């Protein structure tokens, strides 16, 4: 059951990461168009700053669950690596505790953002400069909620199944990354 749920969450995380990558490519197009238009046409892309702000949040949160899935979340693992070499059982328990605490924090983010999402959805609130560029806020809030909830679930699966982290850390030690 845990493995099947892990496969499903992994697939969703990979798909979200791919969408985040497409947002990065779209951002590259917008920035290049803005530079080209500003320098050669005398007409910059109106709303480039707003698009960049919007995109940055989307990129971070769309790619977060996959980063958690593959164990590449920025954190200091030096202590766990040393501990794992001498006391692998203790390191495994500590890693599960860290994953449990991480799951709680991701769940708190999801719980906190949900009312904001509902408020933005109902109010049709937007950001940007009217007449220049505006975008609705609720899609960003929904991405934050879904990504935080998915990351929390991935952390919980790592705690329950003990899957992922140990194999990743051993592989990194072997290949030097």
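Does residue 115 meet the test of being surrounded by fewer than 13 Cβ atoms within 10 Å (Cβ to Cβ), within 30 Å of residue 46 (Cα to Cα) and either out of contact with any helix residue (DSSP H, G or I) (no Cβ under 9 Å at 6 or more places or on another chain) or at pLDDT 85 or above (or both)? Let's see the steps before the verdict.
Numbers: surrounded by fewer than 13 Cβ atoms within 10 Å (Cβ to Cβ): yes; within 30 Å of residue 46 (Cα to Cα): no; either out of contact with any helix residue (DSSP H, G or I) (no Cβ under 9 Å at 6 or more places or on another chain) or at pLDDT 85 or above (or both): yes.
So residue 115 fails the test.
Tell me the residue from 3, 72 that is outside any helix (DSSP H, G or I) and either touching a helix residue (DSSP H, G or I) at 6+ places or on another chain (Cβ under 8 Å) or closer than 18 Å to residue 99 by Cα (or both), please.
Of 3, 72, the one residue that is outside any helix (DSSP H, G or I) and either touching a helix residue (DSSP H, G or I) at 6+ places or on another chain (Cβ under 8 Å) or closer than 18 Å to residue 99 by Cα (or both) is 72.
From the set of residues in segment 95-112 that are out of contact with any helix residue (DSSP H, G or I) (no Cβ under 6 Å at 6 or more places or on another chain) and farther than 30 Å from residue 135 by Cα, which is surrounded by the most Cβ atoms within 10 Å (Cβ to Cβ)?
My answer is 98.
Does segment 146-155 contain at least one residue that is modelled with pLDDT under 95, in a helix (DSSP H, G or I) and surrounded by 16 or more Cβ atoms within 10 Å (Cβ to Cβ)?
No - not one qualifying residue is present in segment 146-155.
The values are calculated or read from the model by the stated rules, or taken from the named source; none is laboratory data. Treat the numbers as computed from the prediction; the structure is a model and nothing was measured. Neighbour counts run over all protein chains shown; Cβ positions are idealised from the backbone, glycine included.
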